[in-house]
Amino acid sequence: MSLDVRTVTSSETADWMRAVSNGFLTAGTPSEELVADRFADVDLSRTQGVFDAGRCVATFRSFAQELTVVGGATVAADAITGVTVAPTHRRRGLLSRMMATDLAAARERGETVASLIAAEYPIYGRYGFGPAAWSAVWEVSVPRAGLDPRRSGQPTGGGRIEMVDGADVRKLGPEVHAALAARQPGVVTRDERWWRQRTGVAPSSAHETWTEPFYVVHRAGDGTVDGLMTYGVDDTWGDSKQPLNTASVRDLIALNPAAERALWHYLCSVDWITTIRSGYRAPDDLLPLLLPDPRAARLITNADWLWLRLLDVPRALEARTYGTETSLVLEVRDEAGPAGGRFLLDASTSGARCAPTTRSADLALGVAELATLYLGDESVRRLVDLGRAEELRAGAATTADAVFRTGRRPWCPDVF
C-alpha cells in the first residue's frame, strides 16, 4: 500500500502526537485533554504526517518564529519541530518529502530562514542547515567556588534578589526576555504558551510530571527587573546526614553582568546546595569567571544547538550588522533549494546591502556553511582549512572574518 504524505486533520492529532512520542522514545498515549491543549494554537496547515494504512508513521511541524540577528534586528523564521520517522519506515525519503514541502511553503510566505534544534548532527546538513549557535553546560562545585559561605546571597551595589512565584514570572518574564532579544543574537520568540508551560499552567508533555521550581528575580537599584532565574533542586543526603543537593537551572536570563553575577552568587549561597548544573548557556558564558575559583565550574557539555537554513540570502544578510565596512562577493551553493547564487554584500557596522551580481566571487561556500557564519559564531578561515569554503581571492577569508565575526558568541536559550 502506498504511503500518504499530507497535512494532518483535526481527527488525526492524537495519532500524530503518539507517533511523535514513539519517535522520541517517550511512548505513551496522550490524553484527550493534552491533545486539545497542545493543538489549541497549532496551525494544521503546517503540520505534516505520513500515514500507512491509516496509521501515522512520520511527523513534521513548523510554526512562525522571530530570530534575533547581529545588531538586534529580527528575521522571520520557519521553526521546525516534532520531526520523526518510525523505525519501520526509514530510508524511504519521507523526511525529504516533508522538508521540501515545508521549505517551499516557508519561502512562499516570505520567511527569511528556517530554524531547528537538531537531535542528531548528521541529519540536516543535506537540507542546507548548518549549526549557527552552540550551547554549553557547566557543573559547579559550590564548596570549591571560593565564595564566602556566610554571605546572605543578596548582591551589593543597590540591587536585590527576590523570590517570586509562577504568576509573577508570567507577568515579569516576557518583558525581561524581550529586552534580551533586543540585544542577543540567537534568541527566539517566547509566546504566552511558553510561559504558561514553564510555570505549570499548561501541560508540557505526556510523559513529564510537573514539579514546581523555584523562581527568583534580580532588581536593579531603581527597582526594575533585569534578571530572572528558574531552578529545581533534588533531595540528596550523604551517609553522614550531610546535604548533597544539586540545583538544576531551567532558565536564567540577565540583562547585564551585574544581574548575572548576582543570580549565580545567590544560587551558590543557598543552604544544602553543593552542586549546580547551569542548564544550557552560551559557550563563552561568564559563569566560570564570575566565581573566585573558575575551576569549580566543570564544562560537561559543549555541542551544537541552533541550526539555521537561509531561504533568502539577500534579505538575511541585509538584516544584520557587521564588524567592518567592506564589500564582499559570495558564491553560494544550494543544491537542495532556492538560495544559491552570486551575491555582492556591501557591509557596514550599521547595516548592509546585498544583491545578485555578476562580479567575480571572493569566497565560495555552501548555504549550510553560510548559515554557520550568519550569527557570527564560526571562522571563515577555519571553514577554508576544512575544505568547506574556498578562498577565490587572496585575503578574502581574513576580510570575511572581520565582517562576520562578533565579540560575543550567539546564544539560543530555548529548545523548540
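The values are calculated or read from the model by the stated rules, or taken from the named source; none is laboratory data. Note that the coordinates shown come from a computational prediction; the quantities given were computed from them, not determined experimentally. Methodologically, a virtual Cβ is constructed for each residue, glycine included, from the backbone with ideal geometry; neighbour enumeration extends over all protein chains shown. Only protein heavy atoms, including side chains, enter the accessible area calculation; ligands, DNA and RNA are left aside. Shrake-Rupley method; radii C 1.70, N 1.55, O 1.52, S 1.80 Å.
Side notes on the structure shown:
- Model label points for T398 and R342, set 7 angstrom from Cα along the Cα-to-Cβ axis, are 2.5 nm apart.
- Whole-percent carbon and sulfur share, accessible surface of the chain, 1.4 Å: 49 percent
- Scattering from the chain was approximated by placing one identical point on each alpha carbon and applying the Debye formula without solvent; log10 I(q)/I(0) at 0.10, 0.15 1/Å stands at -0.78, -1.39.
- Counting only Cβ charges, +1 for Lys and Arg and -1 for Asp and Glu, the dipole size of the chain around its Cα centre is about 540 debye.
- Take the chain with all the other protein chains still there, run a 1.4 Å probe, and you get 46 Å² of accessible area per residue.
- For T236, the amide hydrogen comes within under 5 Å of the amide hydrogens of L244, N245, T246, counting only partners 5 or more places away or on other chains and with H modelled in the peptide plane.
- Peptides ranked, highest mean first, by Cβ atoms within 10 Å: ranges 126-137, 233-244: 126-137, 233-244
- Computed from phi, the 3J(HN,Hα) profile of the stretch 160-167 under the Karplus parametrisation 6.51, -1.76, 1.60 (θ = phi - 60°) reads 8, 9, 10, 7, 10, 10, x, 5 Hz, with x in place of Gly and Pro.
- Amide hydrogen neighbours beyond the local backbone of L3, cut-off 5 Å, H modeled: none
- For L392, neighbours were defined as the other residues whose beta-carbon sits under 10 Å from its Cβ, and their charges (Lys and Arg +1, Asp and Glu -1) total -3.
- Neighbours of L287, meaning other residues whose beta-carbon lies under 12 angstrom from its beta-carbon, give a summed charge of 0 when Lys and Arg score +1 and Asp and Glu score -1.
- Projecting label points 7 angstrom from Cα along Cα→Cβ for D271 and E120 puts them 4.9 nm apart.
- Our coupling estimate for the stretch 221-232, obtained by passing each phi through the Karplus curve with A = 6.51, B = -1.76, C = 1.60 and θ = phi - 60°, is x, 8, x, 6, 7, 10, x, 8, 9, 10, 8, x Hz, Gly and Pro reported as x.
- Neighbour net charge for R55 - beta-carbon separation under 13 angstrom, K R +1, D E -1: -3
- For W138, distant residues with modelled amide H under 5 Å away: S278, G279, I300
- Dipole of the chain [Lys/Arg +1, Asp/Glu -1 at C-beta], most positive-end residue of I123, I253, L263: I123
- When the charge dipole of the stretch 43-142 is built from unit charges on Cβ atoms (+1 for Lys and Arg, -1 for Asp and Glu) and taken about the Cα centre, the candidate among M99, A64, V142 whose Cα reaches farthest toward its positive end is M99.
- Lys, Arg +1 and Asp, Glu -1 on Cβ, resulting dipole of the stretch 324-403 about Cα centre, debye, nearest 20: 180 debye
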